[in-house]
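Undergrad: Pasting a structure here, questions to come.
The values are calculated or read from the model by the stated rules, or taken from the named source; none is laboratory data. Fair warning: this is a prediction, and the values are worked out from it, not measured in the lab. Cβ atoms come from the backbone with ideal geometry, glycine included; neighbour counts cover every protein chain shown. In case anyone asks, the SASA skips ligands and DNA or RNA and just uses the protein heavy atoms, side chains included. Shrake-Rupley method; radii C 1.70, N 1.55, O 1.52, S 1.80 Å.
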Amino acid sequence: MTREKIFEKLTTIFRNNFDDEDITLSEDTSSVDIEDWDSLEQINLVVTIQDEFKIKFNIEEVNAMKNVGEMVDFILKKIGA
């Protein structure tokens, strides 16, 4: 799976989780950029991403994700791309 395809899937996940069709993700998008992205929403995102990509993150990986670009890096690593 390509980085671009992962971004497409993540965009759908973020739009659904935040109920906001205007969300546009970039490598640098972080919780500062999305108003409702708090610690509870982070958990919801992680669970949804794990389900979508059939992967599991450990707590250290979740804590290391500072932006969407890092999230994509971890997904690529987990799916072996």
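Undergrad: Being of a type in the set (S, T, N, Q) and modelled with pLDDT of 95 or more is the filter here; which residues of the range 1-16 pass it? Write out each step before concluding.
TA: Taking the range 1-16 and keeping what is of a type in the set (S, T, N, Q), we get 2, 11-12, 16.
Residues satisfying the conditions are THR11, THR12, ASN16.
Undergrad: Do the conditions hold for PHE53, that is, is it open to solvent by less than 70 Å² (accessible area, probe 1.4 Å) and over 11 Å from the mean Cα position of the chain (by Cα)?
TA: no
Undergrad: With open to solvent by 30 Å² or more (accessible area, probe 1.4 Å) and in contact with a Ser or Thr (Cβ under 7 Å, 6 or more places away or on another chain) as the only criterion, which of LYS66, LYS77 stands out?
TA: One residue alone meets the criteria, LYS66.
Undergrad: In the range 3-36, what residues are touching a residue at least 40 places away in the same chain (Cβ under 8 Å) and either touching a strand residue (DSSP E or B) at 6+ places or on another chain (Cβ under 7 Å) or open to solvent by 100 Å² or more (accessible area, probe 1.4 Å) (or both)?
TA: ASP28
Undergrad: Further question: How many residues, within the range 14-29, are in contact with a Phe, Trp or Tyr (Cβ under 8 Å, 6 or more places away or on another chain) and under 13 Å from VAL72 (Cα atoms)?
TA: The qualifying residues number 1.
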